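Contents: one structure, followed by commentary.
The values are calculated or read from the model by the stated rules, or taken from the named source; none is laboratory data. These numbers were taken from a predicted model, which means no experiment stands behind them. When we count neighbours, we look across all protein chains shown, and the Cβ atoms used for this are built from the backbone with ideal geometry, even at glycine. Just the protein is used for accessible areas: all its heavy atoms, side chains included, with ligands, DNA and RNA removed. Shrake-Rupley method; radii C 1.70, N 1.55, O 1.52, S 1.80 Å.
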Amino acid sequence: MSIAPQGMTRGPLNGIRIIDLTWKAVGPWSARMLTPYGAEVIHVEPPHEPDDHRWDARRGQGITMTDHQVAHTEPGAVPSIPYYTAPYYSQIHNGKHAVSINTRHPEGKRLFEELVKVSDGLTENFSARVLDNWGLGWERLHELNERLVYLSTSGFGHAGELSHYRTYGPIVQAESGLTFVSGLPGREPAGWGYSHMDICGGWIGGLGFLLALLQAKQTGQGTYVDYAVTEGAMSLLGTYFLDFQANGRPTRRKGFPPGNHSEWPAVAPHNTYRTAGIDRQGQDWWVFIACETQEQWEALVTEMGKPELLSDPRFVTMKDRVANQDVLDEIISTWTAPRRRFDIMTRLQDVGVIAAVVETAEDRVEYDPQLRHRELYPLIQHPEVGEFAYEAFPPKLSRTPPDNSLRGPAVHEHDDYVFGQILGLSERERSDLRAEGVI
Amino acid sequence: MAKVLNGITVVELADRRNQMVGKIMSDAGARVIQVEPVTGSPGRWTGPFVNDVEDPDKCLDYWWFNTGKESVALDITRPPGRDALRRLLATADVFVESTKPGTLAALGLDYDTIGARNPKLIYASLTDFGPDGPWAHLEMNDQAHLALGGQMGVSGYSDPHEHPMGGHGRQAYNMASVMMTHSITVALWDRMATNLGQFIDVSIHDCCAICTERSVSYWLWYNQANVRQTGQHAGPAYGLPIQVQAADGRYMNARFNFTQGQWPGMVKWMTELGVVGDLAEEKYNDAKLRAAEAVPGGTVEVAVSKLLSMVPAQEAFERAQSIGLTWGVIRSPEENLEMHHFEERGFWRQIEQPEIGKSIPYPRGFWKSDGLDVSPDGRAPHLGEHTKAILREVEYDDAEIEAMTTTGVAR
């Protein structure tokens, strides 16, 4: 297959070379956030076991994700379907180069070390001891290249008594407290319906990596960043820690978490309200409504055609409305229930009230006029997949805009470039290494 | 130790949306001057307050999001206040603002005007929807973004008629602030080579919309819609429950499908507690049979649920992890203050708070590193604490400052 080269993006990070050993979801983002700005990211996969995120259902071929997962997780299973670059892979490994190296083979390790010597950064999200076991822990990496920045991403970090504990996104969210603070009062926690700390947590890793690379550029000295995603999540919950320290108020208390009500600021109404209709899965449709000011409250009451609420002693002040918000929620729900969700949003927004449809993925992709205006789902090309829409990298920088035309690399697509051009191996040497299973 | 953003001056126009940007930059060593209304940043009035008494200097949410910043209280809607902000921006490296589109242009503080006077300035505009577009002027807050951006649509309970749920702690603003700080760092990098700043537009709605993991890909590529499921990933169909209550009433995140490597340890544990039943039989070495019995009411599900009802969450966590199970405890945030692991990693930073007469531990921040120090050095400022000193720096004399304070332009 002939594959078009990529990675020629011009940008402020031109000249920065990253070795990316990441897999799953949280790690890949740290390097993926550099490629739109011109960094050269070399994604390294083992020769016979490319990333599992390459596995994905192929459109229109009747292959489900379950088939792939079973094939991949059964010990010793040989995939019956060749690896390829699934669309989601183009999301989280966008703009990277792909090579395969068997780092457990002495020659593979030597090649890897040569790559470390000519790189600026290295990132991985393996278990805590993997790189040490390869003989490539921080001390060795620093010895090979003192400018190198090393970012490790793991659930509990590489230091500390829990460093060997296993995690994935939901465990990080559970352990940090992020899951606990979401849910209806008196009910079990609701948590997050996706690995929030794989995505937002991945962005946090990406920010730390870039700051460390900037520091290395300034000082000529690399550094090791031990990113524990659990600590990342705890750092998104600072106020709860301070409320506990200053006021002695724990979150494990009656009435907490507050559902979609707001405690800070204490405002009401502030909730999701059932509307007319159900989605494709039979779930109710909802609109979020909040009034943070007296003007918004008056506008809501007027739109609902219930001016008598303004003088109702239960709702006169914000404090009254917060104290009686359950009753207020019932009144508002009665109004929203027969109405269409986008109509409610438009009507209330027109009079300055905070109102937002609880959008599904379908809503965002197909109907959200603002996301269309922002071109959030552009088409990209992939030689194995064809043309498809994906989620763009959203920041808009006037002088150095991120390149949103890039894609995920095919399996060892860039072996010749990396081993030939960067490391200077001849075609014969590469062929021998391939025959030995080193690359 | 020097910090990576030492020498960078950030002017942050106070708002609830963007304060995390300034916090990260301040923790990374930048000097962050927060320009806030004379009545205080909206962030000072959200609560919770110390002893629940409203006081702009004792708002704990503000304390968290504003570590190490300096406060200049200025009414920028009046010409003298606006002039003072212009002077600050004339020498600043970064301007972080979150006003509604058009607000700063009406005050002559838009990028075209300010950037022309200070071409090195990085003008970072973090808004609900970007500067234009059909929804650019909508009224939003953090939870409204979690609704519109997709977080709520996939989070909540398995009951299809139950409320979708949004997380707390300003998570929409946090997502966008991380993305914005990354963008600013790219712009600082570029500026080292070009000596030029630029305009950065980050929309909170965009950031939320791409931060739902697979939801959009399910729709884009497979036309699949998701169901919300209690405590776990939304998906095209309901899966096995994974949120289980332990003996002490705390919930755990525990999946009941076991690999060949994990199963012997599980059998041993169940045997010790007398709940193993016939699960020790050889036939259960078959992963498919185990999976078939992990459904509600199945032998595996019944036995493991019973086991968990006999063991407190922390003990179950440690035992499960020792046999290779990826299980965790659903902890309240403050329970982590007791976890030796985070103490050992130096996660807590004591910050002196004279308002309560003691220092209290703050989370260090995202990263542990001997070389990259991004952690708070000091408390959030009091309202207008640095107004006079900073106005003097931009060459106002004492009489002018006095006039500004007496007329309510400055505080």
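Data table
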| quantity | calculated |
| --- | --- |
| Contacts under 7 angstrom Cβ, first residue in segment B:116-128 being over 17 Å from residue B:12 (Cβ atoms), partner open to solvent by 10 Å² or more (accessible area, probe 1.4 Å) and polar (S, T, N, Q), 6 or more apart | B:120/B:195 |
| Scope segment B:213-255; condition more than 28 Å from the chain's Cα centre (by Cα), open to solvent by less than 20 Å² (accessible area, probe 1.4 Å) and closer than 26 Å to residue B:303 by Cβ; matching residues | B:246 |
| Index of the failed condition, residue B:287 passing every other in (1) open to solvent by less than 50 Å² (accessible area, probe 1.4 Å); (2) away from chain A (no Cβ under 14 Å) | (2) |
| Identity of the residue in segment B:354-399, basic (Lys, Arg) and within 14 Å of chain A (Cβ to nearest Cβ), that ends up surrounded by the fewest Cβ atoms within 10 Å (Cβ to Cβ) | B:358 |
| Flag for residue A:216 being surrounded by 24 or more Cβ atoms within 10 Å (Cβ to Cβ), over 15 Å from residue A:155 (Cβ atoms) and either facing another protein chain (nearest Cβ under 7 Å) or touching a Lys or Arg at 6+ places or on another chain (Cβ under 6 Å) (or both) | no |
| Index of the failed condition, residue B:208 passing every other in (1) at the interface with another protein chain (Cβ under 7 Å from one of its Cβ atoms); (2) within 15 Å of residue A:368 (Cα to Cα); (3) surrounded by 22 or more Cβ atoms within 10 Å (Cβ to Cβ) | (1) |
| All positions within segment B:331-341 that are at the interface with chain A (Cβ under 7 Å from one of its Cβ atoms) and either within 17 Å of residue A:163 (Cβ to Cβ) or outside any helix (DSSP H, G or I) (or both) | B:331, B:332, B:336, B:340, B:341 |
| Checking residue B:405 against (1) under 25 Å from residue B:58 (Cα atoms); (2) open to solvent by 30 Å² or more (accessible area, probe 1.4 Å); (3) within 14 Å of chain A (Cβ to nearest Cβ), the condition it does not meet | (3) |
| Number of the condition not met by residue B:16 [criteria: (1) farther than 19 Å from residue B:170 by Cα; (2) of a type in the set (D, E, K, R); (3) open to solvent by 10 Å² or more (accessible area, probe 1.4 Å)] | (1) |
| Matching strands (runs of 3 or more DSSP E) fully within segment A:348-439 where at least 2 residues are open to solvent by 20 Å² or more (accessible area, probe 1.4 Å) | A:379-382, A:386-389 |
| Members of segment B:131-148 found to be in contact with a helix residue (DSSP H, G or I) (Cβ under 7 Å, 6 or more places away or on another chain) and at the interface with chain A (Cβ under 7 Å from one of its Cβ atoms), listed by number | B:133, B:134, B:135, B:138, B:139, B:148 |
| Residue match in segment B:229-237 (condition: at the interface with another protein chain (Cβ under 7 Å from one of its Cβ atoms), touching a strand residue (DSSP E or B) at 6+ places or on another chain (Cβ under 9 Å) and closer than 23 Å to residue B:19 by Cα) | no |
| Candidates A:285, A:335, A:264 - the one that is within 14 Å of another protein chain (Cβ to nearest Cβ) and either among the basic types (Lys, Arg) or closer than 21 Å to residue A:357 by Cβ (or both) | A:285 |
| Residue identified as in the same structural domain as residue B:42 (by TED's automatic domain parsing), of a type in the set (Asp, Glu) and more than 23 Å from the chain's Cα centre (by Cα) among B:93, B:128 | B:93 |
| Residue within segment B:141-161 that is on the phi > 0 side of the Ramachandran plot and not in a loop (DSSP other than H, G, I, E, B) present | yes |
| Options A:302, A:334: the member that is without any contact (Cβ under 8 Å) to a residue 12 or more places away in the chain and either open to solvent by less than 60 Å² (accessible area, probe 1.4 Å) or part of a helix (DSSP H, G or I) (or both) | A:334 |
| Subset tally (residues that are part of a loop (DSSP other than H, G, I, E, B) and without any contact (Cβ under 8 Å) to a residue 40 or more places away in the chain) for segment B:58-103 | 4 |
| Scope segment B:129-140; condition in contact (Cβ under 8 Å) with a residue 12 or more places away in the chain and in contact with an Asp or Glu (Cβ under 7 Å, 6 or more places away or on another chain); matching residues | B:130, B:131, B:140 |
| Members of segment B:188-205 found to be under 13 Å from residue B:125 (Cα atoms), at the interface with another protein chain (Cβ under 7 Å from one of its Cβ atoms) and within 23 Å of the chain's Cα centre (by Cα), listed by number | B:200, B:201, B:202, B:203 |
| Qualifying residue in segment B:389-396 (condition: of a type in the set (Lys, Arg), more than 30 Å from residue A:170 (Cα to Cα) and outside any loop (DSSP other than H, G, I, E, B)) | yes |
| First in segment B:361-383 and assigned to a loop (DSSP other than H, G, I, E, B), second anywhere and modelled with pLDDT under 95 and open to solvent by 10 Å² or more (accessible area, probe 1.4 Å), Cβ under 6 Å, 6 or more apart | B:373/B:1 |
| Considering residues of segment B:321-330 that are of a type outside the set (S, T, N, Q) and either surrounded by 24 or more Cβ atoms within 10 Å (Cβ to Cβ) or facing chain A (nearest Cβ under 8 Å) (or both) only, the residue farthest from residue A:162 (Cα to Cα) | B:330 |
| Within segment A:82-201, helices (runs of 4 or more DSSP H) holding 3 or more residues that are open to solvent by 10 Å² or more (accessible area, probe 1.4 Å) | A:106-117, A:130-133, A:138-144 |
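Let's see how each residue does on (1) of a type in the set (D, E, K, R); (2) modelled with pLDDT under 85; (3) in the same structural domain as residue A:107 (by TED's automatic domain parsing); (4) open to solvent by less than 20 Å² (accessible area, probe 1.4 Å):
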| position | (1), (2), (3), (4) |
| --- | --- |
| A:44 | no, no, yes, yes |
| A:54 | yes, yes, yes, yes |
| A:64 | no, yes, yes, no |
| A:73 | no, yes, yes, no |
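Okay, residues lined up against (1) assigned by TED's automatic domain parsing to the domain that holds residue B:126; (2) under 18 Å from the mean Cα position of the chain (by Cα); (3) not in a loop (DSSP other than H, G, I, E, B):
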{"residue": "B:3", "(1), (2), (3)": "no, no, no"}
{"residue": "B:15", "(1), (2), (3)": "yes, yes, no"}
{"residue": "B:21", "(1), (2), (3)": "yes, yes, yes"}
{"residue": "B:24", "(1), (2), (3)": "yes, yes, yes"}
{"residue": "B:32", "(1), (2), (3)": "yes, no, yes"}
{"residue": "B:40", "(1), (2), (3)": "yes, no, no"}
{"residue": "B:44", "(1), (2), (3)": "yes, yes, yes"}
{"residue": "B:55", "(1), (2), (3)": "yes, no, no"}
